[in-house]
Amino acid sequence: MNDQIADPSHDYRVAEALLAFWADAGVDACLEDAPIDRTHVAPAPAAKAVARATASVTPLVQTGDALGEARRLAASATTLDELAAAVAAFTGCPLSGMGATQAVFGRGNPDASVLVIGEGPGAEEDRQGQPFVGKAGQLLDRMLASAGLTDRVFITNTVFWRPPGNRTPTPQEQAICAPFVERAFAILKPRAVLLLGAAAAKSVLQVDEGIMRLRGNWRDWRLAEGAVSAPAMPTLHPAFLLRQPQAKKVVWADLLALAARLDGEMLEPDS
Ligand code: URA
């Protein structure tokens, strides 16, 4: 035992085992560049209140700056390729500094009649720089193909950098990225929008209902300026379907309703 501790390669193996343990537990991102001093003595309650108050002011200012920058960059793009470049140049989303390796904007037909919006990139998307290329994306592709929609979609997300540990993006992170999502909508002018999962549906439609109530029902998505609008259909996220395959049938009904609407029929899915 003592020999093992003295052996430097043992320390290395222990560190590796510890990292593997954390990775198995889902901890796969390092959030801070510098270590946190947890031995620091807690400040007095009054000092804490001051720190809380300033923390809630600073992000607001930063959010305002970032939002302004996002709007300016998004407005300068006139094509989806230019928009992808604008997203890549944007440094104001907090997620871009939380371990994501690159911006992930969109893939698909730049003349698509359907804009598909997911939640945010996962690990595989972060590696490849394309949305929905992991297991959930492969399932999405199979379902779109079965509904005859493959060449009729352009796919993006509410945020363009992988949230650490694949957590759900916060409403603030989604709001900072929203000018790019809205610009994609304005450039593409799709005939319909498919919203994958609760986080996408709530962020785009600005509603607070659960996805089980929202799915399968058409809502109007209209930009503030009123120039662009389209019917939007929330449905369940394909990652959810990987865990709950029995729910595929309702998503299938939603996709058929979407395809029927594009083809001019008004077929309402059962909700
Ligand atoms: N889940 C999403 O919401 N988006 C992706 O791009 C991949 C998985």
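The values are calculated or read from the model by the stated rules, or taken from the named source; none is laboratory data. None of these values were measured; they are calculated from a predicted model. Heads up, the Cβs are rebuilt from the backbone with ideal geometry, glycines too, and the neighbour counts pull from every protein chain shown. Only protein heavy atoms, including side chains, enter the accessible area calculation; ligands, DNA and RNA are left aside. Shrake-Rupley method; radii C 1.70, N 1.55, O 1.52, S 1.80 Å.
I need to check one value: relative contact order of region 121-229, counting alpha carbon pairs closer than 8 Å and at least 6 residues apart, in percent.
21 percent
Hey, what do the phi angles of region 100-113 turn into as Karplus ³J(HN,Hα) couplings, whole Hz, using 6.51/-1.76/1.60 and θ = phi - 60°, x for Gly and Pro?
5, 8, 7, 7, 10, 9, x, 8, x, 7, x, 10, 4, 8
Please state the shape class of region 69-228: rounded when a/c is under 1.5, otherwise prolate if a/b exceeds b/c and oblate if not, all from the C-alpha gyration tensor. Present the calculation step by step, with values, prior to reporting the outcome.
Values: a/c = 1.22, a/b = 1.11, b/c = 1.11.
Note, shape of region 69-228 comes out rounded.
So what does E124 come to for accessible area, using a 1.4 Å probe and Å² rounded to 10?
Per-residue accessible area (E124): approximately 60 Å².
Could you work out what % of the accessible surface of region 155-271 is carbon and sulfur, using a 1.4 angstrom probe and leaving DNA, RNA and ligands out of the count?
51 percent
When only DSSP loop residues count, what trypsin sites (Lys or Arg not before Pro) in region 187-251 have their Cβ near at most 16 other Cβ atoms within 10 Å?
R191
With every protein chain present, what accessible area does T78 have (1.4 Å probe, heavy atoms only), rounded to the nearest 10 Å²?
Its accessible surface works out to 90 Å², give or take rounding.
Would you mind working out the accessible area per residue for region 106-208, using a 1.4 Å probe, and quoting it in Å²?
Value returned for region 106-208: 37 Å² of accessible area per residue.
Please say if region 149-232 is rounded, prolate or oblate, where rounded means a/c under 1.5 for a ≥ b ≥ c the square roots of the C-alpha gyration tensor eigenvalues, and otherwise the choice is prolate for a/b larger than b/c and oblate otherwise?
rounded
Could you tell me the accessible area of M212 in Å² (1.4 Å probe, neighbours in place), rounded to the nearest ten?
Counting only protein heavy atoms, the figure is 120 Å².
Tell me, what ³J(HN,Hα) does each residue in region 173-188 have, in order and in whole Hz, if you take phi through Karplus 6.51 cos²θ - 1.76 cosθ + 1.60 with θ = phi - 60° and put x for Gly and Pro?
Each residue of region 173-188 in turn: 5, 5, 5, 5, 8, 4, x, 6, 5, 5, 5, 4, 4, 5, 6, 6 Hz.
As a test of reading the structure, rank E125, E69 by solvent-accessible area (1.4 Å probe, protein chains only), most first.
E69, E125
Using alpha carbons only, how many angstrom separate the centre of region 111-134 from the centre of region 220-256?
The two parts, judged by their Cα centres, are 15 Å apart.
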